[in-house]
Structures are given as C-alpha cells and as structure tokens.
1. Tally time: how many residues in the range 62-84 are in contact (Cβ under 8 Å) with a residue 60 or more places away in the chain and buried (at least 18 other Cβ atoms within 10 Å of the Cβ)?
2. Tell me, please, whether a residue that is open to solvent by less than 10 Å² (accessible area, probe 1.4 Å), among the aliphatic types (A, V, I, L, M), outside any strand (DSSP E or B) and at negative phi can be found in the range 318-329.
3. Whether any residue in the range 276-291 is surrounded by fewer than 19 Cβ atoms within 10 Å (Cβ to Cβ) and either among the hydroxyl-bearing types (Ser, Thr, Tyr) or part of a strand (DSSP E or B) (or both) is what I want to check.
4. Applying the selection to the range 468-487, what residues are in contact with a helix residue (DSSP H, G or I) (Cβ under 7 Å, 6 or more places away or on another chain) and either in a loop (DSSP other than H, G, I, E, B) or open to solvent by 80 Å² or more (accessible area, probe 1.4 Å) (or both)?
5. Exactly one of these conditions fails for residue 465: (1) more than 18 Å from the chain's Cα centre (by Cα); (2) open to solvent by less than 40 Å² (accessible area, probe 1.4 Å); (3) hydrophobic (A, V, I, L, M, F, W, C). Give me its number.
6. Just one of (1) crowded, with 17+ Cβ neighbours inside 10 Å; (2) part of a loop (DSSP other than H, G, I, E, B) trips up residue 348, so point out which.
7. Return the residue satisfying two criteria in turn: it lies in the range 360-376 and is of a type outside the set (D, E, K, R) and more than 32 Å from the chain's Cα centre (by Cα), and of such residues it is surrounded by the most Cβ atoms within 10 Å (Cβ to Cβ).
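The values are calculated or read from the model by the stated rules, or taken from the named source; none is laboratory data. If you're wondering where the values come from, they're calculated on a predicted model, not measured in any experiment. Here the Cβ positions follow ideal geometry from the backbone for every residue, glycine too, while neighbour counts run over all protein chains shown. All accessible areas refer to the heavy atoms of the entire protein, side chains included, with ligands and DNA or RNA removed. Shrake-Rupley method; radii C 1.70, N 1.55, O 1.52, S 1.80 Å.
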Amino acid sequence: MIAARQLTETDARTFRTQNPGADALTEERVLRWLAREYGVSFAALDEIEPDKQVLSLFPARLLLRDELLPLRRVDLEIEIATSRLFATQALDGLKALTGLRLRPVLATTEAINREMKKRLGVGADTIDTLDDEAGLQVVDENGSTDNNLDEAAEDASIIRFVNQVLKDAIELRASDVHLEPFEDELRIRYRIDGVLQEVPVPAQIKRFQPAIVARVKILSHLNIAEKRLPQDGRIKVRIEDAEIDIRVSIIPMLHGEAVVMRLLRQNSALRGARDLGMGERELSCLERVLQLPHGIVLVTGPTGSGKTSTLYTALNEINDSERKIITIEDPVEYQLKGVNQIQVSEKSGLTFARGLRSILRHDPDVVLIGEIRDQETAQIAVQASLTGHLVFSTLHTNDAAGALTRLVDMGVEPYLVASSLEAVLAQRLVRLLCPHCRQVDTTPEARDYKTKLGIKPETKVYRAVGCRECRQTGYHGRRAIFEWMDSSSEIRTLILKNSSTDAIRDAARRVGMTTLAEDGRRLVEEGVTTIEEVLSVTTVHEFATGNAAASHAPAATSTAQPALPRALI
C-alpha cells in the first residue's frame with residue numbers, strides 16, 4: 001500500500017476521479033497511473049537485468065537507504081528505479097555525488113528491495129560502511145593481529161551484518177545457515193525446504209570473514225581465540241513474537257573457520273493430528289496407539305525429516321490433566337504447556353540414559369526420548385515400556401521395518417523388542433509445488449513414470465516451473481509422507497527368529513502397510529508435489545517390493561492395497 005502523503009491532494013483527487021472503482025490505493029496501481037500522468041516509464045523489474053557496471057558507480061549504502069536501483073544506461077542517461085516520484089532529494093544527492101545524468105523509472109518498493117538484495121547482496125550497506133572505516137582492523141587469517149579480534153567483532157557494522165543474515169534467513173523460512181570460507185570468497189547459503197540456496201553477498205565480504213566468525217562465537221559464548229578445534233554453541237534470538245534457538249557448529253577448514261547455524265523455532269504453533277497430512281489408515285493407527293497404556297512407538301527417518309514435529313503433535317493430542325508427560329531432548333525444539341521437558345547437557349553429565357533413569361522415578365505416564373542413540377538408552381526405554389509407560393522416541397533408519405533390526409543390533413534382546421514395540425512410523429519430507437507457477441506435466445517422461453508407479457493415465461500430474469513467489473525453485477513449503485507398521489503377531493514371531501528386514505517388511509505389507517513411495521504417489525495424484533520429488537526421497541524399488549508382498553497375501557486375511565504394476569524398470 002503506497003502512503004497517501006506521497007501524492008498531492010490534487011493528484012489523489014484526480015486518481016479517484018479517473019478510477020472510481022478503486023477501493024484501495026495499491027502501490028502498483030498508483031505508480032502505473034502516475035507514470036501515465038507525468039510521462040515517466042514504469043518497470044516491473046522481473047524482465048530487466050540491471051547493468052553491473054552501472055550498479056558499481058553508486059555507493060551501496062545510499063542506494064539501500066533511499067531505495068534506488070540503477071538499471072542501465074540509455075542515451076547518455078542512467079535509468080534509476082524508484083517508488084517515490086516526488087521525493088527528489090535522493091536523486092539530486094546522487095547526481096551531485098556522481099556527476100551523472102539520471103532518469104527516474106517508477107517501480108514498486110517490493111520489487112526494488114527484492115532486486116537490490118539479489119544484485120547487491122545481503123548486508124551490502126554494512127559492508128560498504130566497513131570499507132569506509134579506515135580505523136577498523138580486521139583480524140588476519142593467520143592470527144597475526146589476534147589482539148584486535150574483540151574490537152573487530154564488536155564493531156557496529158559487523159554486528160549489524162550478522163543480524164541481517166540471521167533476520168534474512170528467518171524471514172525466508174531457512175532451517176540452516178552455512179558460512180563457508182574458500183580461497184577468494186566467503187559463501188553464504190540457506191537451506192530452504194531442505195535444499196541449499198546460495199545467497200548473494202558483496203564480493204569484498206571475504207576481507208571481514210574473521211570478524212564475522214568472531215561475532216558468531218561471541219553470540220554463542222565460545223572461545224574466539226581457539227581456531228584449531230571444532231566448537232559447538234547456542235544462540236537464542238527473538239524476532240517479533242517468535243523465539244528462535246540457534247545451534248552453532250564451527251569447524252576449522254583449509255581457508256578459515258566454517259560456521260553452520262541450525263534455526264529451531266521454539267514456539268511454533270503445533271497442529272492437530274489431522275493436519276499432519278496422513279492417510280486415513282495411518283491416522284487411525286496413530287489415534288489407536290495414543291490410547292495405549294504402555295509400549296514403545298518409534299518414528300524413524302533421516303535428520304531433518306520432521307520426526308520431532310510429528311511426535312510433539314502426537315503428545316499434544318494426549319496432553320491433559322490426567323497424564324503426566326515428561327520429555328528428554330537435545331535440544332528442546334518445542335515448548336509445550338503442561339509437558340515437563342528436560343534438556344540434555346553432556347557437559348554437566350546429563351545424558352539421555354542418566355536423565356531417563358531419573359524420569360522413571362517421577363511417576364510419568366508418557367515419556368518422550370528425543371533419540372535412541374546407544375544400547376543403554378535403548379534398554380532403559382524397553383524396560384520403561386514393560387513397566388507400564390508409553391514411550392515415544394526417534395531412530396535413524398531408512399524405513400519402518402529397519403527399526404526392529406536396528407534395536408536388535410544395538411544389543412536389545414529380540415524377545416524384549418517383540419514384547420515392547422507397538423508401532424513404527426517412518427517418514428520423509430517432500431517439497432510442495434508452488435501454487436502460483438505449477439504446470440500440468442505432459443512430457444513423455446511423466447507418462448512413463450505414471451505407468452511405472454501405477455497412476456491412472458487420465459490423472460493430471462504437475463511439474464515445477466519457478467517464479468518470483470518461490471524464488472525460482474518451483475516449490476514452497478514441505479509435507480510429510482508416511483509408512484506405518486503395526487507390530488502384528490507374525491512380525492513378533494519374525495523378530496524372535498532374527499529375520500531380515502525384507503521379511504519383516506513383506507509381513508507388514510501383507511496386513512496393509514503402505515510404503516513411503518506409495519504414500520508419495522498419493523500426494524502426486526492430489527497435485528501437490530511432483531513424481532521427481534517423491535523419487536528423490538524414496539525409490540521405485542519400494543513399489544516393486546509392495547507389489548510382490550501384495551501378490552502373496554492370503555485371500556482370507558489380506559487387507560493389502562490394490563495390486564501395483566508388476567514390471568518396473
């Protein structure tokens with residue numbers, strides 16, 4: 001919305017007279033009208049590539065401060081995009097500073113800011129300020145000026161730059177920030193929707209790399225003088241009403257120290273179980289196990305697959321005054337009212353195993369273990385379930401069936417696994433198609449995939465395209481696909497026999513388990529993701545495995561899904 005004061009009263013009156021149906025003065029609508037009235041060009045900026053040489057003629061901090069974007073040289077004049085036609089002081093200042101002839105071109109504030117961040121890089125104004133400050137000494141990578149490291153890290157411009165990087169990452173929904181040193185550059189990348197995306201930064205940022213890393217260390221309460229050993233720390237920040245816990249990992253590399261910051265939004269709103277996007281079978285199974293008095297329920301998947309979010313959604317469903325719920329995690333990612341939460345602290349000796357022993361003396365009904373990492377934790381978890389507690393935890397395995405053999409491999413006796421484990425939920429996250437730019441995929445490859453995956457030929461499948469709304473990725477947001485395996489009597493028998501993962505998976509398929517790939521096919525048929533995205537986190541082999549299991553199902557007891565294609569390439 002453009003500020004009304006940017007228009008004179010006469011202009012505003014004229015606009016309303018000529019546009020009687022305009023209920024609101026949207027910025028683009030007003031700027032297009034002003035361009036026609038005053039004979040000025042209007043640019044959407046999407047199809048214009050600003051000239052880098054022209055851009056380098058102007059100080060970045062002045063362009064960012066006044067929201068001016070130099071575009072190109074036309075007839076001895078330089079076109080400059082602005083959203084404020086009548087605020088001529090900024091243009092006059094640039095003319096006086098550079099001695100160049102400037103021609104204003106109208107564009108929306110959002111488009112100008114977006115393009116400036118893309119062309120100048122995040123924090124360009126602060127880096128530009130640092131270049132002008134001759135008094136600032138940046139620490140040499142070889143450590144020859146270590147005595148100035150504190151002063152460099154505490155410089156206002158360095159502080160502002162680090163804050164801008166974190167704020168930008170939070171606004172873009174990034175889960176991780178990577179600062180990677182190379183011989184001639186410091187690369188910054190954000191992990192958004194599970195994929196790393198490079199962030200444009202000013203070329204001269206490499207000069208300030210040691211001070212930037214030192215600033216991160218100060219925020220994380222780490223030793224800034226230690227440059228030879230890895231260090232881990234934490235930062236807690238607040239932006240608006242959101243609290244973000246940042247886990248920091250710093251490792252010395254060939255050309256300096258690399259930093260990775262994982263962003264954990266602590267007070268994110270938890271959704272209900274139905275909002276997880278499960279199929280009807282998986283949802284009914286989850287609701288059933290939540291009412292069990294005891295047993296172990298495991299959620300498996302790789303790091304960053306949403307396991308903790310699923311577990312906390314489940315806890316939120318049964319969080320009431322009649323149950324005592326205690327969790328032990330590293331770190332605590334969500335703060336849930338009414339749930340007693342313990343943070344693991346390796347430095348003070350509070351490990352998962354030690355904390356879990358203490359938890360059991362606090363008379364809990366439900367226990368959440370952040371992760372089963374070792375034999376001791378696994379055995380205590382099993383004993384807790386056998387003594388009347390409902391235990392939730394996570395495990396790193398490729399699928400649901402692999403969780404059973406993993407527990408046995410950890411040293412838990414097969415008979416204990418068979419008697420305590422109630423269910424295993426495997427999950428992955430797939431990116432969702434951007435609703436603004438997705439297109440129906442009619443390519444021969446898509447038709448072949450539909451045949452292989454058992455999707456009806458008339459079903460529409462979509463492909464990612466890329467637009468401004470999704471940063472040209474074609475995707476926006478993520479959603480989980482699930483594989484739910486109940487511990488049936490046949491599966492318990494197989495565990496006692498130390499059977500293979502494949503045998504356990506086949507038994508689960510015979511009583512209706514849907515594989516990750518098949519659940520992903522459901523999302524493809526709904527038009528919310530692509531075939532390629534599902535196959536990137538699963539394998540076509542899962543469809544073949546499911547087909548083989550389904551074909552051997554007993555006719556009288558089978559509840560398996562309809563048969564899948566027999567021949568898959």
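1. Looking only at that region, the number is 3.
2. Yes, because at least one residue in the range 318-329 is open to solvent by less than 10 Å² (accessible area, probe 1.4 Å), among the aliphatic types (A, V, I, L, M), outside any strand (DSSP E or B) and at negative phi.
3. yes
4. Answer for the range 468-487, where residues must be in contact with a helix residue (DSSP H, G or I) (Cβ under 7 Å, 6 or more places away or on another chain) and either in a loop (DSSP other than H, G, I, E, B) or open to solvent by 80 Å² or more (accessible area, probe 1.4 Å) (or both): just 476.
5. (2)
6. (1)
7. Among residues in the range 360-376 that are of a type outside the set (D, E, K, R) and more than 32 Å from the chain's Cα centre (by Cα), the one surrounded by the most Cβ atoms within 10 Å (Cβ to Cβ) is 364.
Conditions (1) assigned to a helix (DSSP H, G or I); (2) hydroxyl-bearing (Ser, Thr, Tyr); (3) open to solvent by 40 Å² or more (accessible area, probe 1.4 Å); (4) in contact with a helix residue (DSSP H, G or I) (Cβ under 9 Å, 6 or more places away or on another chain), marked per residue:
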| residue | (1), (2), (3), (4) |
| --- | --- |
| 456 | no, no, yes, yes |
| 495 | yes, no, no, yes |
| 503 | yes, no, no, yes |
| 522 | yes, no, yes, no |
